[in-house]
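Scroll down for the structure; my scribbles are underneath it.
The values are calculated or read from the model by the stated rules, or taken from the named source; none is laboratory data. Predicted model only: the values in this text are computed from it and were never measured. Cβ placement follows ideal geometry from the backbone for every residue including glycine, while neighbour counts extend to all protein chains displayed.
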Amino acid sequence: MFHFPTLPWITPDVVVTWKQGVLEDRHVFERIWTLLRQNPRLVVLDIPLQAGLRDLPESFIITTLSSMQHLKELRLTWHTLDTETFLTAIPRLERLCIFNLQGIISKQEDFGDLRYFYIQRSITVNELSAIVERLPKLEDLRISSVRDEDKKEPATVWTGKLFRLVKKLKLNVAHDFNDDTIALLVRLFPAVVSVHIPTVFEKTKEALWENCYDLDEIVSEEAVSTDAWRQRRLEDAEKQSKECKHDN
């Protein structure tokens, strides 16, 4: 167990505990937070693993982030911060990439400005729905993976709220064993125009066809054409035009 005195520019009464590797990189750690405090007008911030998010007092981290009133994009990896707390501290944040979802799932207050959200972990459809409901301006959503709910049979029909502002959806990992769950996921977002899924299985493609009328792009490891979606919209537009002429 390694200890060193608290850095004076962090907090006066906290002793940080370090492992050997972190102790050796202390100069990197110090430099990162010195630079952050000296640059409160940052717009984009990607906090690296070497920043010691697990060791610093949360109050110090939140105070530093909240001083960045121009911050629009934040990327955090493997942190233990309460997400609700730092989203409240940075109300103008528009793009967020995080692993820890502590606080945000149970939060009842909306986070109004967030437009892009990357969740770097596996999540259930119900958890995701609870989060997106708090993000009324969300347009672009990325998820590492989606997992089945904690029950024997996955649900196949979504009876909850639909989110019609999300235009882009990206899923990093897709397996055939949770095709039902991925199909359920895409049904939450009927207005998507672009979907990135490594492999589009049968039920997922069926859900996209039945629910995502404006879909224009499917990016996957195997080419999946969206010509059928475009053709359907074209035929519907022609039909509507004929009906209007007939009414006149």
Quiz item: Would a scan of the range 218-230 turn up a residue that is under 20 Å from Lys161 (Cβ atoms) and modelled with pLDDT of 95 or more?
Solution: no
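Those residues that are in a helix (DSSP H, G or I) and either aliphatic (A, V, I, L, M) or under 10 Å from Ile143 (Cβ atoms) (or both), I need them from the range 164-197; list them, please.
Ile182, Ala183, Leu184, Leu185, Val186 - these are the residues of the range 164-197 that are in a helix (DSSP H, G or I) and either aliphatic (A, V, I, L, M) or under 10 Å from Ile143 (Cβ atoms) (or both).
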Quiz item: What do you reckon, is Leu208 in a helix (DSSP H, G or I) and modelled with pLDDT under 95?
Solution: no
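Condition check ((1) outside the structural domain of Phe189 (by TED's automatic domain parsing); (2) free of Cβ contacts under 8 Å to residues at least 40 places away in the same chain; (3) under 26 Å from Leu188 (Cβ atoms); (4) under 13 Å from the mean Cα position of the chain (by Cα)) across all residues:
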position	(1), (2), (3), (4)
Ser66	yes, yes, no, no
Gln69	yes, yes, no, no
Glu84	yes, yes, yes, no
Pro91	yes, yes, yes, no
Glu139	no, yes, yes, yes
Quiz item: Only one of these conditions is not met by Val22: (1) within 26 Å of Arg121 (Cα to Cα); (2) modelled with pLDDT of 80 or more; (3) of a type in the set (Val, Ile, Thr); (4) in contact with a Phe, Trp or Tyr (Cβ under 8 Å, 6 or more places away or on another chain). Which number is it?
Solution: (2)
Quiz item: Do we find that Glu84 is modelled with pLDDT under 80, over 20 Å from Leu171 (Cβ atoms) and not in a loop (DSSP other than H, G, I, E, B) in this structure?
Solution: yes
